[in-house]
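These notes concern the structure reproduced below.
Please treat every number below as a calculation from the coordinates, not as lab data. Please read all numbers here as calculations on a predicted model, not as lab measurements. Cβ coordinates were reconstructed from backbone atoms using ideal geometry, including for glycine residues, and neighbour counts include every protein chain displayed.
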């Protein structure tokens, strides 16, 4: 009888740890979804205004995503403690890479803000306007911004300006690498989830991870284009990639919340009348 009780307690403990892991995974998914939406709205604003306006949102959004990734690392480590199989270990690595990549994005954008630019160089902003058809008129805000830029450039020496341009390209390059790291992490998460024992929302979660992979690589490609003085095309790719990631994170959130509800229901039904209530 005591042996059976011990077995039941061990099983209940395992199931309870699974619920704790679910809470961390869902909490992380909520943060990641919020972060991707903030990031997508911010990069969209940059694309629409053809200026660095909204860059602060990229720092905030990517930072929130990184925290969400860490939450998911903690949840996956709990699952690994009760089911130490290779796919779960790979999933932990994938979440860590995503956390690092998102943090790197935030650092890169903040560096761009410190240089008073992001993605669009001063010259690139003017080139972007020309790309849209040379004859288009800028609105008053853009005209004022252009005047401020011209004034600032007049105050800088050529050497200083070149130094700023090089520093900007380095920050954009770091942003590209960070997005690439995030993409690799999302791919590892998706592939590891696909190799887990089957569960109801598995395909949805895998699809979400792979969408995040595509979005991250689109963002990396956009940053590379920006380095090559194709700022407008680069930000367009980054905007598309950001919204693809919103779709991916939303699918992930749906899959994890659904799975959490199913686990809670199973737990409640299984331990509603625990055997321990009838033993002393």
Check your understanding: Sorted by packing (mean other beta-carbon atoms within 10 Å per residue), highest first, where do 78-87, 181-190 land?
Key -> 181-190, 78-87
Point to revise | residue 199-residue 8 FRET efficiency (beta carbon distance; Förster radius 22 Å; 0.05 resolution) | key: 0.40
Practice item. Using all C-alpha to C-alpha distances in the range 12-74, build P(r) with 10 Å bins and read off the rounded percent in each one. Key: 25, 34, 22, 12, 5, 1
Point to revise | Directionally averaged shadow of the range 51-107, computed from the convex hull of its alpha-carbon atoms, nm² | key: 3.8
Point to revise | Computed log₁₀ I(q)/I(0) - Debye formula, equal Cα scatterers, no solvent, the range 152-263, q 0.11, 0.21 Å⁻¹ | key: -0.47, -1.01
Check your understanding: In Å, what is the Rg of the alpha-carbon atoms in the range 17-116, and how long is Dmax?
Key -> 15.8, 51
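By how many nm would the segment from residue 53 to residue 158 grow when fully extended, if each residue of separation counts as 0.36 nm and the alpha-carbon distance is taken off?
Value of the extension gain: 35.3 nm.
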Point to revise | Overall dimensions of the range 186-237 by Cα: Rg and Dmax, Å | key: 15.0, 47
